[in-house]
Amino acid sequence: MKNLDEIYERFGQLLEEERPYSDPACTFAGICSRLGVEPGVLEEYIYSQVGMSGEEVLEAYRRSEASGASDE
């Protein structure tokens with residue numbers, strides 16, 4: 001299995017650089033598939049780091065993007 005620290009870092013980079021959450025059809029499971037990791041494994045790691053589920057992280061990014069767009 002790949003190093004979870006590395007996968008977690010790639011997850012963050014993907015969110016910041018490619019902004020897949022901008023697509024409403026984007027899911028945490030879909031991102032995990034792109035990263036080559038089981039959703040449950042990454043979910044547990046993310047929760048241990050930030051206290052949120054993978055879908056909650058995506059929603060936080062979506063809310064942040066929406067509030068940023070309304071500020072313009």
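Mind sorting out which of [x] -0.31; [y] -0.39; [z] -0.46 is the real log10 I(q)/I(0) by the Debye sum over Cα atoms at q = 0.12 Å⁻¹ computed from the coordinates?
Answer label, from the structure shown: [x].
Where does the chain land at 222 nm, in deg cm²/dmol rounded to the nearest 500, when only DSSP H runs of n ≥ 4 count, each adding -39500 (n - 2.57), divided by all residues? Kindly include the intermediate steps, with their values, before the conclusion.
Numbers: 4 runs with 52 residues, N = 72.
Result for the chain, helices only: -23000 deg cm²/dmol.
Please report the carbon-and-sulfur percent of the accessible area for the chain; probe 1.4 Å, protein heavy atoms only, DNA, RNA and ligands left out.
Numbers: 2230 of 4640 Å².
Whole-percent figure for carbon plus sulfur exposure: 48.
With a ≥ b ≥ c taken as the square roots of the eigenvalues of the C-alpha gyration tensor of region 23-63, please select rounded if a/c is under 1.5 and otherwise prolate if a/b is larger than b/c or oblate if it is not?
On the way: a/c = 2.77, a/b = 1.07, b/c = 2.58.
Since a/c reaches 1.5 but b/c is at least a/b, the shape of region 23-63 is classed as oblate.
State in Å² the accessible area per residue of the chain; use a 1.4 Å probe, count heavy atoms of protein chains only, and round to the nearest integer. Please list the in-between numbers first.
On the way: 4640 Å² over 72 residues.
Solvent-accessible surface per residue comes out at 64 Å².
The values are calculated or read from the model by the stated rules, or taken from the named source; none is laboratory data. Predicted, not measured: the structure shown is a model, and the values here were computed from it. Just the protein is used for accessible areas: all its heavy atoms, side chains included, with ligands, DNA and RNA removed. Shrake-Rupley method; radii C 1.70, N 1.55, O 1.52, S 1.80 Å.
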